[in-house]
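Structure first, then comments.
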Amino acid sequence: MNKRVYLNDGWEFTERFDERFAAMQPADGIKTVRLPHSCRETPYDYFKESLYQMACGYRRNLDIPEDLRGKVLLLTIEAAGHYAEVFFNGRKVAEHRCGYTAFTVDLSPCAEFGALNPLVIKVDSRETLDQPPFGYVIDYMTYGGLYREVRLDIKEPEYIADVFAKPSLKGSAGHVESEVTLSGIDSEKLKTGTYKIYQTLVPVEVPGALPAASEADVTSGSVTVTMDAARVLPWDVDSPNLFILKTQLLRGSEIIDEHSARIGFRDAEFRADGFYLNGRKLKLRGLNRHQAYPYVGYAMPKSIQENDADILKKELGLNAVRTSHYPQSQYFIDRCDELGLLVFTEIPGWQHIGGDAWQDIAAENVREMVTQYRNHPSVILWGVRINESQDCDGLYKRTNRIAHELDPTRPTSGVRYLKKSHLLEDVYAYNDFSHSGTNAGCEDKKNVTSDNSKPYLISEFNGHMFPTKMFDSELHRQEHALRHARVLNDALSKDGIAGCFGWCFADYNTHKDFGSGDRICYHGVLDMYRNPKTAAYIYAAQQDKDPVLFVTSQMDIGEHPSGNMGRVYIITNADSVKMYRNELFLHEYRPEDSEYKSLPHGPILITDYIGNRIETEEGFPKDKADLCRDILNYSAVYGFDKLPPKIVAKAAKAMVRYRLGFGDAYKLYGKYISSWGGSSVEYRFEAYKDGKLVKTVTKTAVNELHLECSVSNTVLTERSSYDAAAVRVRICGQNGEQLSFYNGSLKLSTEGPIEIIGPDTLQLRGGCGGTYIKTLGSPGNAALILSGDDTGTSRIGFKVVIPDMR
């Protein structure tokens, strides 16, 4: 039987690969590291991209016992950024020219059994490499190092090299056709032994589903196995039912190898009028994700990769994600499988297309991407074009053909910024940056594509059109949110648009040619630590599982021009929201009050700051009070300039019938709207769902500060490698509101078997920030201590667990 050994500990690392390092000789500057590892930790901002560009090296010894003689030793490197050369016992055994896909090397021919075997990996992250995504400017950092995991699989001479499962639905029944590729099986071995493939299908916590089994004789190195399951449940965004397909290779009655794949039964189809999942039309609502983090770039372990998927699905309520602009961690995609998060993945690249050798590598990138990710039910679309590149028919006919040959079950696409581009793929994907704030949210399909009968989706929108920092003004952050709402609203309302992916999930470090001058692109609906900006709540409110209530202003008049509130919005998924001022009820808002009619839960403009107060407090008759209320409320939201005829008519009526002059209006405005020169006002918002109060937001003057921390996980478990936790930090007022103009700092320290990733001083930006902690290989209790002059000291406890993996 096979055995898997993870090789993530005990690596020696150098930033300067040379002959001495390759020869396992002592050298200066060597340190011991664990994988995943970034070749260079970076500051949060203001650093040169040359910082991580180097030819670095990793080395360790493999102790291969004598009893493994005759076995096959397969070394798999999940990712090495970006050109890797592998040396084993002094011989070069492999090279790989992609920083985003895995590759496997057979070490057996060079192995020395019963001895220590030096394993050395040179990793080149310089952007002068003639391979994707390099060759011109790139709008993201291309971090280096062995930033994913490394493992060794020990196999018999005959083993399962690959299983491609093609599950399909037949009503409540399921059918699986599997292409099983074997290694070490030849005609001579088939003469001397009987080989068989045996498969089982076992539901993973799928109520009512039944297991199934099938078998097939081995007559060559490629075997097709078919299996029928009497009852399965479909994989869907709301019910991601999964099954384990176990494939065994038998020699006689002996199991000599085993392969497990987690699959789902689903019917995903792009049509001219949209996207269909299991026969149901579903609008794709997603964001683009970079796999980057502060300080360590791409190098984060399983739990942090999974946490991003959790945020996308559970916090932002999305049903899709695009892995821009490259294949991403298997752990991330695994979690998408578990959550029901649809995935559009693509080959590495950004606008530039190189020469023949460069294009050969791009074609190989397609081959690796498809074969490595095609068993994931969450993956619905292959991106086989270089992101935002010009048409290149020769290359893209080739990449499209490769994807279809390797996976005839999924369509292809390719992201472009070109209208009427050559469509060689199945789905036209277009980056629609047409919305500028006052025009339509998105283009009509017919204006973009040459063939209206083909499927179409929006692969990016917003982004660079309106960069937004956590510490920008309320109005700026609100406008950022509304732009996302406008595009979503238009895309959802138009037939022929399968869905849209906003740019982007989280802020990210980028090259000097982009960003805000500090090496950061502030295009995310979250900051780099995954703290939500106002725009994040637009997405979060579209789901119905968890209550959302967010008001886009702190309601401090000094933040608004002329002390006039202007447009303030309620973002919620509640049935209604009641608004109070100083405990007096003003108005109840409902979903139908939103102007965004195609969104399930569009933002709602606050239009009433008065309620019936004028009638009760001034003693005005109802008609007079209503006139005054309507005029004052309009002025509170839109100002006094260019009053519409309807409001002008009401003002004239108030003047003629009730003898109200400008002085009266000014006095009433100061009392009921502005409060300028008076005491601060408290506003309270209550969200109701099914008649029950589910969430309350209070806006009032801040008179105390406190620290709020959100931790991805407090039980850290080392399995194949170290574990880590993401800690998001907010400075809040007494009612839990984030203080967006607080820019202080916190001192970080640890106790127990953990350490901080990045600096031990956390600079807060816009009232929030974050950090990461990682385990050190020992079990026990641990703590992260956060200390600030304004917030005192907070302590987060952790438990580090190291299970017996034998």
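Can you tell me the relative contact order of the stretch 728-806? Whole percent, Cα pairs under 8 Å, sequence separation 6 or more. Don't skip to the answer; put the middle values down first.
Working: 159 pairs, mean separation 22.6, N = 79.
Relative contact order of the stretch 728-806: 29 percent.
In square angstrom, rounded to the nearest 10, how much accessible surface does Glu95 have for a 1.4 Å probe?
That residue has around 90 Å² of solvent-accessible surface.
Provide the packing ranking of 340-353, 749-762, i.e. peptides ordered by the mean count of other C-beta atoms within 10 Å per residue, highest first.
Working: 340-353: 23.4, 749-762: 16.9.
With the highest mean Cβ count within 10 Å placed first, the list reads 340-353, 749-762.
Based on the mean of other beta carbon atoms within 10 Å per residue, what is the order of 537-547, 704-714, most packed first? Present the calculation step by step, with values, prior to reporting the outcome.
Details: 537-547: 20.6, 704-714: 15.1.
Per-residue mean Cβ counts within 10 Å order the peptides as 537-547, 704-714.
How do Ser434, Ser50 rank by accessible surface area computed with a 1.4 Å probe, from largest to smallest?
On the way: Ser434 40, Ser50 70 Å².
Accessible-area ranking of Ser434, Ser50, largest first: Ser50, Ser434.
Can you give the accessible area per residue of the chain, in Å², using a 1.4 Å probe?
Details: 31460 Å² over 806 residues.
Value returned for the chain: 39 Å² of accessible area per residue.
Can you give the relative contact order of the chain as a percent, counting alpha carbon pairs under 8 Å and 6+ residues apart? Kindly include the intermediate steps, with their values, before the conclusion.
Details: 1959 pairs, mean separation 72.2, N = 806.
That works out to 9 percent.
Over the stretch 41-93, with every protein chain in place, what whole percent of the accessible area is carbon and sulfur at 1.4 Å, could you tell me?
Details: 1020 of 2150 Å².
In the stretch 41-93, the share of accessible area belonging to carbon and sulfur is 47 percent.
Taking Cα pairs under 8 Å and at least six residues apart, what relative contact order does the stretch 249-383 come out at, in percent? Kindly include the intermediate steps, with their values, before the conclusion.
Working: 171 pairs, mean separation 29.3, N = 135.
Reported as a whole number, the value is 22 percent.
What's the Cα-based Rg to Rh of the stretch 397-488, Rh via Kirkwood?
On the way: Rg = 16.5 Å, Rh = 15.0 Å.
Computed over Cα atoms, the ratio is 1.10.
What net charge do the residues around Gln372 carry, taking every other residue with its C-beta under 13 Å from that of Gln372, with Lys and Arg at +1 and Asp and Glu at -1?
Details: positive: Arg148, Arg367, Arg374; negative: Glu78, Asp162, Asp334, Glu364, Glu368, Asp407.
Within the 13 Å Cβ shell, the charges total -3.
What list of ³J(HN,Hα) values in whole Hz, one per residue of the stretch 147-157 in order, does the Karplus curve 6.51 cos²θ - 1.76 cosθ + 1.60 (θ = phi - 60°) give from phi, with Gly and Pro shown as x?
8, 10, 8, 10, 9, 10, 9, 9, 10, 6, x
Can you match semi-axes √(5λ) of the Cα gyration tensor in Å to one of these, (1) 67, 34, 21; (2) 53, 31, 25; (3) 46, 40, 30, based on a calculation from the structure here?
Identified label for the calculated read-out: (2).
So for each of 639-646, 52-59, 717-724 I average, over its residues, the number of other beta carbons within 10 Å; can you give me the resulting order with the highest mean first? Please list the in-between numbers first.
Values: 639-646: 10.4, 52-59: 22.1, 717-724: 20.5.
So the order, starting with the most tightly packed, is 52-59, 717-724, 639-646.
Per the 1.4 Å probe, what fraction of the accessible area of the stretch 644-719, in percent, lies on carbon and sulfur atoms? Before the final figure, lay out the partial values.
Numbers: 2600 of 4760 Å².
Carbon and sulfur together cover 55 percent of it.
Please identify every one of the chymotrypsin sites (Phe, Trp or Tyr not before Pro) in the stretch 467-527 that sits in a loop by DSSP and has no more than 14 other beta carbons within 10 Å of its own beta carbon.
Details: sites: Phe471, Phe501, Trp503, Phe505, Tyr508, Phe514, Tyr522; in loops: Phe471, Phe505, Phe514, Tyr522.
Sites meeting the loop and neighbour criteria: none at all.
Could you give me the percent of Cα pairs per 5 Å distance bin for the stretch 630-737, shortest bin first, beginning at zero and ending with the bin that holds the maximum distance?
Per 5 Å bin, starting at zero, the Cα-Cα P(r) for the stretch 630-737 comes out as 2, 9, 11, 12, 10, 10, 11, 9, 8, 5, 4, 3, 3, 2, 1, 1, 0 percent.
Could you calculate the FRET efficiency of Asp130 with Val711 from 1/(1 + (r/R0)^6), where r is the beta carbon distance between them and R0 is 56 Å, rounded to 0.05? The partial results should precede the final answer.
Details: r = 43 Å, r/R0 = 0.77.
After rounding to 0.05, the efficiency reads 0.80.
Once the convex hull of the alpha carbons of the stretch 1-153 is built, what does its volume come to per residue, in cubic angstrom?
113 Å³
Roughly what % antiparallel, to the nearest 5, for the DSSP beta bridges in the chain?
Numbers: 156 of 187 bridges.
Expressed as a percentage, antiparallel bridges in the chain total about 85.
For the chain, what is the mean residue ellipticity at 222 nm derived from helices alone (per DSSP H run of n ≥ 4: -39500 (n - 2.57); sum divided by total residues; nearest 500 deg cm²/dmol)?
Counting only the DSSP helices, I get -5000 deg cm²/dmol.
The values are calculated or read from the model by the stated rules, or taken from the named source; none is laboratory data. Treat the numbers as computed from the prediction; the structure is a model and nothing was measured. Note that each Cβ is placed from the backbone with ideal geometry, even for glycine, and that neighbours are counted across all protein chains shown. When the accessible area is computed, the model is the full protein with side chains, heavy atoms only, and any ligands, DNA or RNA have been set aside. Shrake-Rupley method; radii C 1.70, N 1.55, O 1.52, S 1.80 Å.
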